[in-house]
């Protein structure tokens, strides 16, 4: 049987385990990761067990 490496996704803000697990073949795009400890939600992308935080652009006011 082929063993696939898997690991818990860690919160990019506080470093604790979240409730999500990823495998080597997991691909996530624009995934809202919620941390139960710090109660923050962060947008991430995952590919090849590499987690990347997506920076959201700040909202800008409309000019007239």
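Read the figures in this text as sums done on the coordinates, not as results from a lab. Keep in mind that what you see is a predicted model, and the values were worked out from it rather than measured. Here the Cβ is made from the backbone with ideal geometry for all residues, glycine too, and neighbour counts use every protein chain on show.
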Would you pick out the residues in the range 33-64 that are assigned to a strand (DSSP E or B) and free of Cβ contacts under 8 Å to residues at least 12 places away in the same chain?
41, 50, 52
Which numbered condition in (1) surrounded by 10 or more Cβ atoms within 10 Å (Cβ to Cβ); (2) in contact (Cβ under 8 Å) with a residue 12 or more places away in the chain; (3) within 9 Å of the chain's Cα centre (by Cα); (4) not in a loop (DSSP other than H, G, I, E, B) is the only one that residue 30 fails?
(1)
